[in-house]
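Contents: one structure, followed by commentary.
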Amino acid sequence: MQPPITVGQRVATCGHSFHVFTYRQVEQIATSAGLKHQLAGLSSIGGSTVQKHWDVPEEKSAVKQVLKAGKADVLTLSPIWLPDEAIEQFVKLGIEHNPTLRISVQEYWMPNDEYEPVYPLQTKKKVDHNATDLAKLRDATLRYAKDIEDYAKGINQRLGKDAVLIVPVGMAAVALREKIVKGEAPGLKAQADLFRDTWGHANPPLQILASYCHYAVIYRQSPFGLPVPQAFKLLKEMGDDDQAKLNTLLQQIAWDTVSTHPMSGINK
């Protein structure tokens, strides 16, 4: 197992609405752990492929500018469906100017609870998250995760180094939903409590779980024991005791998922 990173990291992010919230949430989590985390640059585009971020001209891209200046330690990316050739373009740009740069690719939860990699995105489908067969969802998530892993492995092989890491948010989300169904997720009564629409935009508990996963990959350490994040203040219907217990559960799921993943950068 790789040692934890105990120095604050400079983190840049290219993301869509299933990812971009982690930019500031991870900063808050890291700060609560006593780390001098730095927000290095953000590119936020709704419904975006990584290619859309790459297509932004350099003079308008804070992320490209910080990568070319070698002023980022970590770049977080979140494709939707593959292939997405701009992942490798960002990797090459970043590594050229900082050979120790780590690039994480988020494997996210399945929109509409299914693996249907098509464009245009099917954002208006009618989905009952509470009726989802979790065994089928886990299988779909595993198929998507394998595609992400194979894609990242190909980039690493061409680079000759393991610069690209995976943040297994989707698998963590399935684990949380399984806990909800079993009645083991304090303050969450139904799977649909994780989402604000049928497409799958995240409510605070799922956002925080994702951010804990990113924190665990960036710092190679467990978030277990850290205080309840600010985002929990939005859960006004949930009491303080349930918030604290749910926070602990999210921390544990995130660490269990990340620490056992072969491409999180923790086990080498």
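Computed from the coordinates by the stated procedures, all read-outs in this text should not be read as laboratory data. The structure presented is a predicted model; accordingly, all values stated were derived computationally and were not measured. With ideal geometry, Cβ positions are generated from the backbone for all residues, glycine too; neighbour counts draw on all protein chains shown.
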Residue pairs meeting the criteria (Cβ under 7 Å; at least 6 apart or on separate chains; first in contact (Cβ under 8 Å) with a residue 40 or more places away in the chain and within 30 Å of Thr100 (Cα to Cα), in segment 197-220; second in a loop (DSSP other than H, G, I, E, B) and among the aromatic types (Phe, Trp, Tyr)): Gln207/Phe21
Applying the selection to segment 203-217, what residues are surrounded by fewer than 23 Cβ atoms within 10 Å (Cβ to Cβ) and under 12 Å from Phe18 (Cβ atoms)? Gln207
Over segment 143-152, the set of residues surrounded by 15 or more Cβ atoms within 10 Å (Cβ to Cβ) and out of contact with any Phe, Trp or Tyr (no Cβ under 8 Å at 6 or more places or on another chain) is Ala145, Asp147, Ile148, Glu149, Tyr151, Ala152
Quickly run through segment 1-29 and pick out the residues that are closer than 22 Å to Thr260 by Cβ and in contact with a Gly (Cβ under 8 Å, 6 or more places away or on another chain). Gln2, Thr22
Within segment 123-152, considering residues that are over 21 Å from the mean Cα position of the chain (by Cα) and assigned to a loop (DSSP other than H, G, I, E, B), the one farthest from Ala190 (Cα to Cα): Lys124
Report the residue count in segment 48-99 for those that are among the small types (Gly, Ala, Ser) and under 13 Å from Thr13 (Cβ atoms). 6
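The rows are residues; the columns are (1) hydrophobic (A, V, I, L, M, F, W, C); (2) buried (at least 16 other Cβ atoms within 10 Å of the Cβ); (3) farther than 29 Å from Ala175 by Cα.
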| residue | (1), (2), (3) |
| --- | --- |
| Ala33 | yes, yes, no |
| Gly41 | no, yes, yes |
| Glu59 | no, no, yes |
| Ile103 | yes, yes, no |
| Trp109 | yes, yes, no |
Looking at segment 12-27 only, could you name the residues that are crowded, with 18+ Cβ neighbours inside 10 Å, within 20 Å of Gln230 (Cα to Cα) and of a type outside the set (Phe, Trp, Tyr)? His19, Val20, Thr22, Gln25, Val26, Glu27
